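Have a look at the structure below, then the notes.
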Amino acid sequence: MNSLVDAVARTDAIYLGLAAAAREGIDAGVLVELPVRPRLALTARYACVTLAGRTEAPVMAMFRDFVAERMRDRG
């Protein structure tokens with residue numbers, strides 16, 4: 001999470017995640033919490049993010065299969 005929040009602090013990206021993970025940056029004035037009205041009533045969503053132009057580690061295919069198997073919607 002620290003790497004993700006650091007990337008947000010250094011770019012124009014928007015972090016949509018737990019405020020607790022960004023709290024240090026918010027408290028330091030490096031990050032700003034954007035108010036959303038009405039508050040979002042979302043369930044957790046996850047993604048695997050990679051950098052364009054980078055070679056993917058061979059284990060990532062196995063990791064994606066592992067995550068897909070365990071995190072599919074069971075509702």
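The values are calculated or read from the model by the stated rules, or taken from the named source; none is laboratory data. Just so we're clear, the structure is a prediction, and the values are computed from it rather than from any experiment. Counting neighbours? That spans all protein chains shown, and the Cβs are built from the backbone with ideal geometry, glycine included. The area values use the complete protein model at the heavy-atom level, side chains included, leaving out ligands, DNA and RNA. Shrake-Rupley method; radii C 1.70, N 1.55, O 1.52, S 1.80 Å.
Take segment 41-63 and flag every residue that is farther than 18 Å from L4 by Cβ and either basic (K, R) or touching a strand residue (DSSP E or B) at 6+ places or on another chain (Cβ under 7 Å) (or both).
Correct list: empty.
Does D27 meet the test of being farther than 25 Å from M71 by Cβ, surrounded by fewer than 10 Cβ atoms within 10 Å (Cβ to Cβ) and modelled with pLDDT under 90?
No: the conditions fail for D27.
State yes or no: is I26 among the β-branched types (V, I, T) and free of Cβ contacts under 8 Å to residues at least 12 places away in the same chain?
yes
What number of residues within segment 1-20 are over 21 Å from L51 (Cα atoms) and either part of a helix (DSSP H, G or I) or open to solvent by less than 70 Å² (accessible area, probe 1.4 Å) (or both)?
2
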